[in-house]
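Down below is the structure, laid out as structure tokens.
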Number of protein chains: 2
Amino acid sequence: MNPILVEVARGGHVESFHRGAVVVVDADGCVIQAWGDVERPIYPRSAVKPLQALPLVASDAADRFGLTDAEIALACGSHAGEPLHVATAESMLRKASQDGSCLECGVHWPLSEAVTRELAGRGQLPSTLHNNCSGKHAGFICLARHRGLDPVGYVKPDHPAMREVTKALANVTGTVLNESCRAIDGCSIPTFAMPLRSVATGFARLGTGCHLTSTLTSAAVRIRAAIAAAPFMLAGLGRFDTRIATAFGEAVLCKCGAEGVAAAAIPGQGLGLAIKIDDGAGRAAEVAMAALLRRILPGPLADHDELSRSVDVSLHNWNGMVVGQVRACLPESAH
Amino acid sequence: MNPILVEVARGGHVESFHRGAVVVVDADGCVIQAWGDVERPIYPRSAVKPLQALPLVASDAADRFGLTDAEIALACGSHAGEPLHVATAESMLRKASQDGSCLECGVHWPLSEAVTRELAGRGQLPSTLHNNCSGKHAGFICLARHRGLDPVGYVKPDHPAMREVTKALANVTGTVLNESCRAIDGCSIPTFAMPLRSVATGFARLGTGCHLTSTLTSAAVRIRAAIAAAPFMLAGLGRFDTRIATAFGEAVLCKCGAEGVAAAAIPGQGLGLAIKIDDGAGRAAEVAMAALLRRILPGPLADHDELSRSVDVSLHNWNGMVVGQVRACLPESAH
């Protein structure tokens, strides 16, 4: 039974609460702290995008096509479909002599409700470029083109570009990724169930380069620098991953995924962090990650306003009254 | 520890799961079946709108202003902001010589994403009439006007109209509702924490009239008939409460509320049902309620397609591929 990590309060009562598992590991995959079952296989979903972007950089595709920091960061991001995100995905594709018609991620309205209304207000429909995964997919297409491959079918497990992505993911997380743990993600690429501990291990290695080839280590350095230089590309205006990257720069690389997953690298301490909320709630994954960072980071960083704001979020009603809180309650003692 | 009621599967693994409490009671409030802790105080939120609408009918306000079935059903509903919902709320207010400027529920974009985009596409902004609670609030204003009261401040606990609503809610649920259990709902009216068992008791009495005055019993009959006659007003196109009311007519009155609450009356069996998902997930409350109805209703009703569809909902990704399921796993044995 996983512990309660986050409470949602209203008036004098706890209205809802979220259980989950939390793990902190070093780059050897050794558990430093854990709450709950961190060995149960979970789907890391978009939380591992920064790991899935490693081949884009390690293959030299990023340099060959002259990708900017913003473009590399977008390849690691789940963006809100804001105009700059769309333009950046389009630019990546153009550099590989492709366009949005090559993207196999499907179409959805922008994650940002405001951007959705703006788009609808102009009488427009969304395209594949607005899909929150379009940067990741544009990165896969750059990788495929760099390898001289036809990008068609790049989302399928057996496409050589996707095999290269999966191999890197297995390598950095220290897992065996095969059909038995494979499912299909929202954007149609494979997602592999793995222990939460392995997700954290991947982030510890992304942050340190330990146990990685020198090529992957260099790619990890470049990815961390790109995200720190272009935090907006990781998520979007006001969103959690962007706020953390803006506040901490290269000191913390945090990436959330669907169904209540969050992962982070703390290079300065050689640590990887991962959280899975049992019920899949994103609101809880963010608040729990903020609480975990406050617990793990050294004093001056732990005291950052961004974290104190993010561990206790006020709920406002439609008249702007404060009616409750979403607040962290990570138990004191791990096991 | 509440049991797991709903699983979210992807590929061969359970990705997320939802715990919660479930109770079935008779109109005496006696527990017929229960799963989990049904005595912990929970906020019923919008699930009790049909109970909060009782004074509107019992006071004769509904007859005095000539409210239609659709208008009474809207007073019990959490609507999607579709044009017919907005027009119906406006009509209720007009009958009481008021308009949308009297509504104190606040403004939000329509719950229906499609309707939001249509509104934005016309260059329009939402009004108080689009608030999912505008029908309930229009009902409160009708009640206040019928009583000769100034409606200003009707959302406050001490306004005489709101006191009448709270008194009816306490009466039908068999609870004492005071400041110690009071919080503020999304639409600014009070919401009172009460045991899940009490929510179910209120619905058993709404469905049977047992333990109610003859005036409240008549009001309950009228409310059940109105919802059965105008199920669209309870929620909106394709939404759960509307689907259940469309499928079952007066045989089942089901109403969901924010943070994973669902309640239902089964008049033919004299039962009231209530569910609270621990983590507040609406997706789980709906699937669990469908499973509970299938368990509780007599054969021919239990076999209704609407329930078999609703207990195992396919998840599609952005390319329309089936990637998983949200499925009920209500344990066999209650306690």
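The values are calculated or read from the model by the stated rules, or taken from the named source; none is laboratory data. Model, not experiment: these values are computed from the prediction. Glycine also receives a Cβ, built like all others from the backbone with ideal geometry; neighbour counts cover every protein chain displayed. Note: accessible area is taken over every heavy atom of the protein model, side chains too, but ligands, DNA and RNA are not part of it. Shrake-Rupley method; radii C 1.70, N 1.55, O 1.52, S 1.80 Å.
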Check: When you look at B:PRO160, is it farther than 25 Å from B:LEU273 by Cα and open to solvent by 20 Å² or more (accessible area, probe 1.4 Å), yes or no?
Finding: yes
Item checked: Residue that is nearest to the other protein chains (Cβ to nearest Cβ), among those in the stretch A:274-289 that are without any contact (Cβ under 8 Å) to a residue 60 or more places away in the chain and in contact with a Cys (Cβ under 9 Å, 6 or more places away or on another chain) -> A:GLY282
Next item on the list: Working carefully through the options A:THR191, A:THR201, A:THR166, A:THR175, find the one that is under 29 Å from A:LEU293 (Cα atoms), part of a loop (DSSP other than H, G, I, E, B) and touching a strand residue (DSSP E or B) at 6+ places or on another chain (Cβ under 9 Å).
Entry: A:THR175
Item checked: Subset of the stretch B:123-157 [open to solvent by less than 30 Å² (accessible area, probe 1.4 Å), away from chain A (no Cβ under 14 Å) and more than 21 Å from the chain's Cα centre (by Cα)] -> B:ALA144, B:PRO151
Item checked: Filter result for B:LEU84 (out of contact with any helix residue (DSSP H, G or I) (no Cβ under 6 Å at 6 or more places or on another chain), crowded, with 18+ Cβ neighbours inside 10 Å and more than 10 Å from chain A (Cβ to nearest Cβ)) -> no
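For the structure I just gave you, tell me whether A:ALA245 is buried (at least 21 other Cβ atoms within 10 Å of the Cβ) and either without any contact (Cβ under 8 Å) to a residue 12 or more places away in the chain or not in a helix (DSSP H, G or I) (or both).
On the way: buried (at least 21 other Cβ atoms within 10 Å of the Cβ): yes; either without any contact (Cβ under 8 Å) to a residue 12 or more places away in the chain or not in a helix (DSSP H, G or I) (or both): no.
Spelling it out, it is not the case that A:ALA245 is buried (at least 21 other Cβ atoms within 10 Å of the Cβ) and either without any contact (Cβ under 8 Å) to a residue 12 or more places away in the chain or not in a helix (DSSP H, G or I) (or both).
Being surrounded by fewer than 23 Cβ atoms within 10 Å (Cβ to Cβ) and closer than 28 Å to A:GLY280 by Cβ is true for just one of A:ILE227, A:ILE223, A:ILE184. Which residue is that? Outline the logic, then answer.
On the way: A:ILE227 fails: surrounded by fewer than 23 Cβ atoms within 10 Å (Cβ to Cβ); A:ILE223 fails: surrounded by fewer than 23 Cβ atoms within 10 Å (Cβ to Cβ).
Within the list A:ILE227, A:ILE223, A:ILE184, the selection yields A:ILE184.
Yes/no matrix, rows are residues, columns are (1) under 19 Å from A:SER59 (Cβ atoms); (2) at pLDDT 95 or above; (3) touching a Lys or Arg at 6+ places or on another chain (Cβ under 6 Å); (4) assigned to a loop (DSSP other than H, G, I, E, B):
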{"site": "A:GLU90", "(1), (2), (3), (4)": "no, yes, no, no"}
{"site": "A:CYS105", "(1), (2), (3), (4)": "no, yes, no, yes"}
{"site": "A:PRO110", "(1), (2), (3), (4)": "no, yes, no, yes"}
{"site": "A:CYS142", "(1), (2), (3), (4)": "yes, yes, no, no"}
Item checked: Candidate set from the stretch B:1-37 (those that are in contact with a Pro (Cβ under 7 Å, 6 or more places away or on another chain) and open to solvent by 10 Å² or more (accessible area, probe 1.4 Å)); member that is nearest to A:ASP278 (Cα to Cα) -> B:ARG19
Notebook entry, point to check: Any residue at all in the stretch A:203-210 that is farther than 20 Å from A:ILE275 by Cα and within 11 Å of chain B (Cβ to nearest Cβ)?
Noted result: no
Notebook entry, point to check: Residues of the stretch A:258-273 being open to solvent by 10 Å² or more (accessible area, probe 1.4 Å) and within 11 Å of another protein chain (Cβ to nearest Cβ), which ones?
Noted result: A:ALA258, A:GLU259
Margin query: Among the residues of the stretch A:248-257, what is the count of those that are crowded, with 24+ Cβ neighbours inside 10 Å and within 19 Å of A:ARG222 (Cβ to Cβ)?
Written below: 4
Check: Restricted to the stretch A:296-329, and to residues that are among the small types (Gly, Ala, Ser) and away from chain B (no Cβ under 14 Å), which residue is farthest from A:ALA245 (Cα to Cα)?
Finding: A:ALA328
Next item on the list: Please report, ordered by residue number, the helices (runs of 4 or more DSSP H) entirely within the stretch B:274-335 with at least 2 residues that are within 26 Å of B:LEU196 (Cβ to Cβ), touching a Leu at 6+ places or on another chain (Cβ under 7 Å) and open to solvent by 60 Å² or more (accessible area, probe 1.4 Å).
Entry: B:282-296
